Amino acid sequence: MCIYVWALLKKAFHKHGGNWRRKSLIEDARFETVTNAEFERSEERRLGECISEESEQFNGERKSRLEVETARVSLLVILKEQMTSLADIMKVFESTKLQVMHIETRVSKQAGSKFDVFIQCVGKKVNINQCIELLDKNSKVHSTTILDESAKEKVRVQIQERVSFDSTLFKNIRQQYRDKYRQRKQLRKHVYVNIKNLFPTHACSKHRHFFDLLEKKGIYSENFIPQLEDVSNFLKQQTGFQLRPVAGLLSARDFLSSLAFRVFQCTQYIRHGSKPDHTPEPDCVHELLGHVPMLADPEFAEFSQELGLASIGTSDEDIEKFATLYWFTVEFGLVKEPCGIRAYGAATLSSYGELEHALSNNCEKKLFQTETASLQEYDDNDLQPIYFVAESFEDMKDKMRKYVAQINRPCEFHYNAFTQSLVELKDKQSLQSVMRIIKGNVDSVQKALKYLDVRTVQVTA
């Protein structure tokens, strides 16, 4: 695209309140309309000539020089070679004085060809014909086709007719979605009921408490799949955590760092129906039945955020150890309670096969030690052979904090809940800023203690 056209585009874009970020479809359409009109006016001024009055009277309307001598055409150029040949193709448009307005590429489906290049250009008709002749003679071009706008419009209408509301194709598509939703709903109910029956004897008290709360508030039920937005709003009210939908697995560093912002990456798909009792990778059942009730506990949520903060700025080797510790605590951890050993790991609590296996005598249970757990090999495709048991949640958190304190990092980070951002504690000013927040919290606690002391004295008197 030549420089003056780029300048016009930028001028029109800023004139209409735009910025160089992705806009909505409607705003994009408005912007394109304005810039095309600006381009046409500029071309007309550049050509600087008009049709005679006799021609205007003969045609019955005034026509610009652009409409008479120039045309806008869409070409489909199929390349024989890789994308490196595209530069030579663009030189042909430059040499014939055609202005390229839009270009798209895709892998060609035609045998013997590499790429399809869709090009919209503007120029004199004689130059367009010259450009097509040169492209046809080019050894790197398989073929060049002029795309007829009217033909494209007919195809578009035919497609719309084929998938109209009353068409058989559209009805079949809707039926497929209904069948899949019904299957997923039945699968989730099967897993939900079987796991829920094990919670009283297998799940830790924290998980049971908040799972019951989710049911009481009508967010969880065996009869429907909850909306992530409803669950996320519940979590935010409880601990400030939010769910963020993600398409699949993330890297360990990305996943852990999101915890520092009290954001939990949540998958949206469900496990395969052939293995409802166990899944080798996280799914929505795992996130909602395993992680969410634990993240609703303020102490466990704070611990999860501490893990996220500790992972930032660490080496790849330490990230691997962090991921392993996360695996044997947050995912597959067991804890001692007055009623016996109970599960608090999300992967264990979201799989009734894993949950039964973890509290049986068919696996090895070790006392949780960070040095041992961080180096322990694990299996993510089958039931775990080894589980680590914490003496208590406080014991587990203390050991994790001591482990984190030994890691070498460039600096410490503090989470600012007001701006939802991380503050790098690297100088005196940043430390003073955090100290002011801590001092304010300490003052509030001291005032509350004095108030409690006064009330205690009054009650005693």
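Annotations
- Residue in region 342-357 that is assigned by the TED database to the domain that holds ILE319, surrounded by fewer than 20 Cβ atoms within 10 Å (Cβ to Cβ), touching a strand residue (DSSP E or B) at 6+ places or on another chain (Cβ under 8 Å) and of a type in the set (Lys, Arg) present: no
- Residues in region 279-325 that are in a loop (DSSP other than H, G, I, E, B), closer than 26 Å to LEU383 by Cα and out of contact with any Leu (no Cβ under 7 Å at 6 or more places or on another chain): THR279, PRO280, PRO282, ASP283.
- Odd one out for TYR378 among (1) in a strand (DSSP E or B); (2) surrounded by fewer than 17 Cβ atoms within 10 Å (Cβ to Cβ); (3) of a type in the set (Ser, Thr, Tyr): (1)
- Selection status of ILE128, over 35 Å from the mean Cα position of the chain (by Cα) and either among the basic types (Lys, Arg) or under 18 Å from THR145 (Cβ atoms) (or both): yes
- Scanning region 176-204 for residues that are more than 26 Å from the chain's Cα centre (by Cα) and surrounded by 13 or more Cβ atoms within 10 Å (Cβ to Cβ) gives LYS189, HIS190, VAL191, TYR192, ASN194, ILE195, LYS196, LEU198, PHE199, HIS202, ALA203, CYS204.
- Filter result for TYR403 (closer than 23 Å to PHE261 by Cβ, surrounded by 15 or more Cβ atoms within 10 Å (Cβ to Cβ) and aromatic (Phe, Trp, Tyr)): yes
- Candidates LYS275, LYS217, filtered to the one that is farther than 27 Å from GLU412 by Cβ and either modelled with pLDDT of 90 or more or small (Gly, Ala, Ser) (or both): LYS217
- Residue in region 101-115 that is touching a residue at least 40 places away in the same chain (Cβ under 8 Å), farther than 18 Å from SER143 by Cβ and surrounded by 15 or more Cβ atoms within 10 Å (Cβ to Cβ) present: yes
- Of everything in region 347-381 that is without any contact (Cβ under 8 Å) to a residue 60 or more places away in the chain and acidic (Asp, Glu), the residue that is nearest to ARG401 (Cα to Cα) is GLU371.
- Residue among GLU391, GLU371, GLU337 that alone is loosely packed, with under 14 Cβ neighbours inside 10 Å, over 27 Å from ASP254 (Cβ atoms) and modelled with pLDDT of 85 or more: GLU391
For every residue, the table says whether it meets (1) in the same structural domain as ILE319 (by the TED database); (2) within 30 Å of the chain's Cα centre (by Cα).
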residue: LEU359; (1), (2): yes, no
residue: LEU375; (1), (2): yes, no
residue: ASP382; (1), (2): yes, yes
residue: PRO385; (1), (2): yes, no
residue: PHE388; (1), (2): yes, no
residue: GLN420; (1), (2): no, yes
residue: MET435; (1), (2): no, no
residue: ASN441; (1), (2): no, no
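- Pair list, Cβ < 6 Å and 6+ apart or interchain, from region 166-187 residues that are over 18 Å from PRO226 (Cα atoms) and not assigned by the TED database to the domain that holds ASP283 to residues that are part of a helix (DSSP H, G or I) and of a type in the set (Gly, Ala, Ser): none
The values are calculated or read from the model by the stated rules, or taken from the named source; none is laboratory data. Because the structure is predicted, anything quoted here is derived from the model rather than measured. A quick note on method: Cβ atoms are made from the backbone with ideal geometry, for glycine too, and the neighbour counts reach across all protein chains shown.
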